[in-house]
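Structure record follows, encoded as structure tokens.
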Amino acid sequence: MLLSRRVLLLNASYEALGTVEVARAVCLVWKRTAEVVVPDGERVLRSQHYTFEVPSVIRLLAYIDVRRRRNNSGKQRLRILMRDRMRCQYCGAHGNAFELTLDHITPRSRGGSSTPENLCAACMACNQRKGDRTPEEARMPLLATPSALRYGLDRAVLNHYALMRPEWRPFLFLDEDFHYQTTYPHH
Ligand SMILES: [Zn+2]
């Protein structure tokens with residue numbers, strides 16, 4: 001089904017945000033919320049009066065703060081637990097959504113934010129043991145690297161799609177430094 005074909009959605013900064021269905025992508029372009037970056041070959045969508053070029057990659061014209069959006073989502077906790085494969089990121093213990101907690105890697109009392117890259121799954125024992133300390137102070141190194149924490153969220157899904165959509169690859173395999181700088185402009 002053409003209408004349910006996926007379109008890669010980029011932020012105004014060209015950072016990959018995820019995918020939307022063709023119908024939604026065409027609507028975003030029609031409303032001038034987004035522009036077509038890469039068309040989907042020769043595919044077109046016909047309505048009674050108009051013909052639309054089907055996009056493969058679109059880009060939002062205004063930058064959206066993804067981090068804030070994700071924080072507001074009630075699903076964030078579960079997304080992070082899934083990103084961390086339901087394992088405590090300190091000791092590696094497996095747990096379910098009730099057994100695992102979300103740990104602020106840099107504690108909130110020390111200025112740590114509630115963004116996905118500062119949150120990880122932790123078992124209750126590790127969470128208590130770590131307390132108000134950074135992983136370095138507590139000598140509890142993380143199993144995952146910070147960049148894995150950041151990209152793990154939607155990355156696996158996007159990379160899967162990229163196998164079938166070669167035109168997406170340039171947007172999904174930007175080097176990590178670029179993303180890092182856009183995420184931490186003051187570091
Ligand atoms: Zn643990």
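Applying the set (1) touching a residue at least 24 places away in the same chain (Cβ under 8 Å); (2) within 16 Å of the ligand (Cβ to nearest atom); (3) in contact with a strand residue (DSSP E or B) (Cβ under 7 Å, 6 or more places away or on another chain) to Gly92 leaves exactly one unmet item: (3).
Screening Phe98 on (1) out of contact with any helix residue (DSSP H, G or I) (no Cβ under 6 Å at 6 or more places or on another chain); (2) at pLDDT 90 or above; (3) over 29 Å from Phe171 (Cβ atoms) shows it passes everything except condition (2).
Considering only residues that are away from the ligand (no atom under 16 Å from the Cβ) and of a type in the set (S, T, N, Q), look in the stretch 106-131 and name the one that is surrounded by the fewest Cβ atoms within 10 Å (Cβ to Cβ).
Step one: list which residues in the stretch 106-131 are away from the ligand (no atom under 16 Å from the Cβ), which gives 106-118.
Next, only the ones that are of a type in the set (S, T, N, Q) stay: 106, 109, 113-115, 118.
Working: Thr106: 14, Ser109: 9, Ser113: 14, Ser114: 13, Thr115: 17, Asn118: 18.
My answer is Ser109.
Scanning the stretch 2-40 for residues that are open to solvent by 50 Å² or more (accessible area, probe 1.4 Å), among the polar types (S, T, N, Q) and under 14 Å from Ala62 (Cβ atoms) yields a count of 1. For first residues located in the stretch 9-32 and in the same structural domain as Tyr50 (by TED's automatic domain parsing) and under 15 Å from Leu45 (Cβ atoms), partners that are open to solvent by 40 Å² or more (accessible area, probe 1.4 Å) and part of a helix (DSSP H, G or I) and lie 6+ apart or on another chain with Cβ distances below 8 Å form the pairs Glu21/Leu3; Glu21/Ser4; Val22/Leu2; Val22/Leu3; Val22/Ser4; Ala23/Leu3; Ala23/Ser4.
Screening the stretch 16-88 for helices (runs of 4 or more DSSP H) wholly inside it with 1 or more residues that are closer than 19 Å to Met1 by Cα and modelled with pLDDT under 90 returns the ranges 22-30.
In the stretch 128-139, the residues that are among the polar types (S, T, N, Q) reach residues that are not in a loop (DSSP other than H, G, I, E, B) with C-beta atoms within less than 8 angstrom, at least six apart or across chains, in these pairs: Thr134/Arg110. Does any residue in the stretch 41-67 that is on the phi < 0 side of the Ramachandran plot come within less than 8 Å, Cβ to Cβ, of a residue that is aromatic (Phe, Trp, Tyr) six or more places away or on a different chain, and which pairs are these? Close Cβ pairs satisfying both conditions: Val44/Phe52; Leu45/Phe52; Arg46/Phe52; Phe52/Trp30; Ser56/Trp168; Val57/Trp168; Val57/Phe171; Arg59/Tyr14.
The values are calculated or read from the model by the stated rules, or taken from the named source; none is laboratory data. Worth saying up front: this structure is predicted, and the values here are computed from it rather than measured. Glycine also receives a Cβ, built like all others from the backbone with ideal geometry; neighbour counts cover every protein chain displayed. Note: accessible area is taken over every heavy atom of the protein model, side chains too, but ligands, DNA and RNA are not part of it. Shrake-Rupley method; radii C 1.70, N 1.55, O 1.52, S 1.80 Å.
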